[in-house]
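Taken together, the values in this text are just the output of simple stated rules run on the coordinates, not laboratory data. Quantities reported herein were computed from a predicted structural model and do not represent experimental measurements. Using ideal geometry, Cβ is built from the backbone for each residue, glycine included, and neighbour counts are taken over all protein chains shown.
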Amino acid sequence: MAGENQTSEPVKITIILPTNAYFLSGIRDFTLSLTKNMTGFSDQWAYRFQTVVDELCNNAIEHGSAKGKDVVITFISDPKKSIEIVVEDTGTGPNKYNAQQMTNLLKERIAMMHSQYLGLRGRGLPKIVAEWTDELIFEDKPDGGLRVKAKKYLREKEDQVLLEAQNKATHLQLV
Amino acid sequence: MAQATITFEDVQTNGGKKVKLIKIAGQLDESNVDEEAKKIYAVIEQGGAGLNLIFEFSGLEYMNSKSIGYLTDWYSKISAGGGKVVIAQAKSNIVDILQVVGLTQLITTYPTVEEAKLAVV
């Protein structure tokens, strides 16, 4: 995948991943390449979105889908406007959460991170996914499982956005 | 599966301080970080009180939130023993993620290994 996408139409790509962290490096490579070449985002945001995708996929593998099941990852790129990742698990995992539980967990962890946090786990959702996305939505799937949507909008003056991000909390839309 | 290599070197100091240079290259993610972390815990345990760590990240391409959790834990253990932990030569995407989780408030990053050595010796 070299150069800019030739179309300005939204592009939707879905990948079905076995419930195994072995495949995460490939997903990261794909995310980085897609974001760098087809969205208009800077390299810095490409690396950031790569991390967001990795954290969400890892949560689905660790908690949402059992071994032998799948995780469904959908990328929606609206060139020069936004990029969105949708991660769906099957709700068969050992420590599955529903949408309300995830919303509560996120709020708890954001509060936990206000003080100097030295724990081993718990940074991915509040400090990476929430900080580096504009919309973060948790939904219960009708057939069981969790759907997480994370969307980042492209601004014209990205440097200005970066400066603002350092000075105020990231907007979150929690449903 | 992500690949990572970790190498260890003793840093010679005039003051007799215990300083270990730990070079991590490749990618640390859910598929390998638990196994790789054991190597560093072993070095910290062997080093005992007063050990200082310099992490050289010039070859580190990716680290996930769990690997940052381990880094925080190593910082806590070394600090409890009276030592320091610093980072040298990290790529911009690595510094970016360390900043967003707040770890750069605890662990200083330096552009060169020499500057990192000066900070701990």
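Backbone amide hydrogens, once placed in the peptide plane, bring A:GLU135 within less than 5 Å of A:LYS151, excluding anything fewer than 5 places away on its chain.
Between B:SER76 and A:SER42, the C-beta separation translates, for a Förster distance of 51 Å, into a calculated FRET efficiency of about 0.90. Distance between the modelled labels on B:GLN105 and A:THR14, one decimal in nanometres: 4.2 nm (7 Å Cα→Cβ projection).
Share of pairwise Cα-Cα distances greater than 33 Å in the protein assembly as shown is 26 percent (whole percent). Helix B:65-80 and the longest principal axis of the C-alpha atoms of chain B enclose an angle of approximately 10°.
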